[in-house]
Amino acid sequence: MPNPLKKDDAHKLIDQLPADATWDDLMEQIYVRQAIENGLRDSEQGKLQTVREIRQKYGLPE
């Protein structure tokens, strides 16, 4: 389950952008933040795979 949005966090994210930031810049920052939070949550829940497991899954050389 995604973490609920906290307005203060959204304001901080926006405040860190340069004055000439675009909507795309904001969306990229939101995406990065969401990806990091999802990764941390997966890590806490033990939902990790090694590089070797991923390479084997897709038939890639080690």
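Please go through region 17-52 and pick out each residue that is among the acidic types (Asp, Glu) and surrounded by 10 or more Cβ atoms within 10 Å (Cβ to Cβ).
Selection gives Asp25, Glu28, Glu37, Asp42.
Among the candidates Leu13, Leu5, which residue alone is loosely packed, with under 10 Cβ neighbours inside 10 Å and modelled with pLDDT under 95?
Criteria check complete, one pass: Leu5.
Tell me, which residue of region 16-41 that is at pLDDT 95 or above and among the acidic types (Asp, Glu) is farthest from Glu62 (Cα to Cα)?
Asp20
Can you confirm whether Leu40 is in contact with a Leu (Cβ under 9 Å, 6 or more places away or on another chain) and among the aliphatic types (A, V, I, L, M)?
Considered against the rule, which asks whether it is in contact with a Leu (Cβ under 9 Å, 6 or more places away or on another chain) and among the aliphatic types (A, V, I, L, M), Leu40 comes out as no.
The values are calculated or read from the model by the stated rules, or taken from the named source; none is laboratory data. Because the structure is predicted, anything quoted here is derived from the model rather than measured. Every residue, glycine as well, gets a Cβ built from its backbone with ideal geometry; the counts of neighbours run over all protein chains shown.
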